[in-house]
């Protein structure tokens, strides 16, 4: 067994193990309701993104009431589970994460579905809103748009009632905004598909202007961890100082934070550890203690840490700039699926798979393969749960000093599309990838009939 170890402070000195897949989509032509001058003109029976706008004009419930001064306010939206930026009528405001600082990229067609927040004067700042973050930017169609933390603000035409958030996560580009001026949530987890994607499409970084980092106590980890807008930030143990080794496929699941402007040290965050690092492709990454930071696509709410310890290479970051936890022995448990029966999972309930092209104790997953099917790694002998046969558990050494877990001679893998416990989206893929039974056999039962 290799005695290689990873301490909390070595996070920034290690080289790459590939990760994963989530399709970050490209903005297509937006169709929908017509926009009013300074607010979304939305009618009852608002057309969808795939239908033409109605030809008749009806009352516009989201238009600014005559004689009412526009202001930006904060609402504790129950669907989001956190405070978000709204106007004075509690209609949700959005940002577009591929806009640039104070410059909208939403063209005339886009504005029909995403009406920009336009006003002849700066809105007033309500309780919880930072007046210093309110400004103006330019629209590609001419005119100006109200900005917050340099993000142009928009409504969603299908938000017909106060508190609606129908635009959240749309196209993995549009997000509601926190009072600190950051996107409130992350690219959404895709709806499970019968057949998973075979290759990644495009990377999914999140771009934030002047991001404010805060340290928040996480009761599960019993530490203050670094967040943006309440969403956990992670570091990748295979990165080197100020350099991301998370490739395009990896970025589908682990979204690096790209920075416009200057990051801000909020409560509990050390300004001396906060920085940025320009990458070879010209992007500017947010760093903490020289570690590039990432969001995890499986964290869809503030305070969640679903990416913690993933594959023994992803960890949350504490306010001192160290990883929360370190590479440890993986845990192998048994889970049950009504179609597949009992199968092997890790300590977080993430399914483990075998690859049909492997031979005994040999890993033949190479090239782009391990970015989609990352190996199950361990530092020492795995911890075994009830129902796991210890005589079938083994390890094979990898070139980076880690150990890859085998079961009955079969190297084990995760599927990058499985973001949470109970998901088995890789089952039967290409008739080569299958979950593994506690008896040490691939379970070839299909989940559904094509």
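The values are calculated or read from the model by the stated rules, or taken from the named source; none is laboratory data. What you see is a predicted model, and the numbers here were worked out from it, not measured in a lab. Neighbour counts are summed over all protein chains in view; Cβ atoms, including those assigned to glycine, are modelled from backbone coordinates with ideal geometry.
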Can you name the residue in region 408-436 that is outside any loop (DSSP other than H, G, I, E, B) and under 17 Å from residue 312 (Cβ atoms) and, of all such residues, is modelled with the highest pLDDT? 411
Which condition does residue 163 not pass, out of (1) part of a loop (DSSP other than H, G, I, E, B); (2) modelled with pLDDT under 85, if it passes all the others? (2)
Got at least one residue in region 357-371 being without any contact (Cβ under 8 Å) to a residue 60 or more places away in the chain and part of a strand (DSSP E or B)? no
So in region 204-227, with the set limited to residues that are in contact (Cβ under 8 Å) with a residue 24 or more places away in the chain and either part of a loop (DSSP other than H, G, I, E, B) or not assigned by TED's automatic domain parsing to the domain that holds residue 262 (or both), which one is farthest from residue 274 (Cα to Cα)? 220
Can you name the condition, by its number, that residue 270 falls short on among (1) within 17 Å of residue 207 (Cβ to Cβ); (2) surrounded by fewer than 17 Cβ atoms within 10 Å (Cβ to Cβ)? (1)
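Being touching a helix residue (DSSP H, G or I) at 6+ places or on another chain (Cβ under 6 Å), in contact (Cβ under 8 Å) with a residue 12 or more places away in the chain and over 18 Å from residue 297 (Cβ atoms) is the requirement here; does residue 241 meet it?
yes
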Residue 246 fails exactly one of (1) modelled with pLDDT under 90; (2) buried (at least 17 other Cβ atoms within 10 Å of the Cβ); (3) farther than 17 Å from residue 207 by Cβ, namely (3)
Checked against (1) more than 30 Å from residue 376 (Cα to Cα); (2) surrounded by fewer than 17 Cβ atoms within 10 Å (Cβ to Cβ), residue 263 satisfies every condition except (2)
